[in-house]
Amino acid sequence: MARIKYTKNELKRQKDALKRFQRYLPTLQLKKQQLQMVIRTVEAQERQKREAQEEVRRAIDSWIEVFGEPIDLSMLVKIERIETEVGNIAGVDIPVFKGISFEKIPYDLFRYPLWVDTGVEYLQKLIAFDTEIEILQKQIELLAQELRITTQRVNLFEKVKIPETKENIRVIRIYLGDQQTAAVVRGKIAKNKIVAEKV
């Protein structure tokens, strides 16, 4: 607990600090709730993307078994550009996935089987899902970090600053009340001495 002065100015300073803490606390609590809600939403989006990605994988598995030729499609799929923009949630800048584009890689139609076009398309979908999921995970990471900081601040105000300031105000009031009582008693004693000296 910090050292405090037992003066009226210190009492006013502590009261002002208490008002300030009580004014900021609801804003921090609201931010904490908003962050928690957004994190749950982003986690749900990530789950949906993973489920959609699994559906694409299952679709690929069903026809890859039919065409069991060992062909490396990764040579035919290259990312050209990943488009993102910066979004802002409760004061936190997060990356937002906008799209992905792939290079058009020509290949010899006589060397590759007919299903290669479909395979390239599915592989591009899987890569797009991977990229989007990665960006959603980054969002969750940034939001969780901000939530941790906000929660620490809420706890600081609720459990430390506000109780500490209230206790300081109580102690200063008691001290000032005692001083005022002592001053009245000293005044009465002095008055009684003056009256006794006149008699």
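The values are calculated or read from the model by the stated rules, or taken from the named source; none is laboratory data. Worth saying up front: this structure is predicted, and the values here are computed from it rather than measured. Please note: Cβ atoms are built from the backbone with ideal geometry, for glycine as well, and neighbour counts cover all protein chains shown.
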For this session: Answer with yes or no whether N155 is in a helix (DSSP H, G or I), modelled with pLDDT of 95 or more and surrounded by fewer than 16 Cβ atoms within 10 Å (Cβ to Cβ).
Result: yes
Exercise. Residues of the range 55-68 being at pLDDT 80 or above and out of contact with any helix residue (DSSP H, G or I) (no Cβ under 9 Å at 6 or more places or on another chain), which ones?
Worked result: E55, R58
Problem set entry | Members of the range 34-59 that are among the small types (G, A, S) and touching a Leu at 6+ places or on another chain (Cβ under 8 Å) | none
For this session: Look at Q180 and say whether it is in contact with a helix residue (DSSP H, G or I) (Cβ under 7 Å, 6 or more places away or on another chain) and part of a helix (DSSP H, G or I).
Result: no
For this session: Hey, can you tell me all the residues within the range 86-131 that are free of Cβ contacts under 8 Å to residues at least 40 places away in the same chain, in contact with a strand residue (DSSP E or B) (Cβ under 9 Å, 6 or more places away or on another chain) and hydroxyl-bearing (S, T, Y)?
Result: S101
Problem set entry | Residues of the range 158-177 that turn out to be surrounded by 13 or more Cβ atoms within 10 Å (Cβ to Cβ) and either of a type outside the set (A, V, I, L, M, F, W, C) or outside any helix (DSSP H, G or I) (or both), as a count | 9
Problem set entry | Qualifying residue in the range 102-111 (condition: surrounded by 15 or more Cβ atoms within 10 Å (Cβ to Cβ) and either farther than 30 Å from L28 by Cα or touching a Gly at 6+ places or on another chain (Cβ under 7 Å) (or both)) | yes
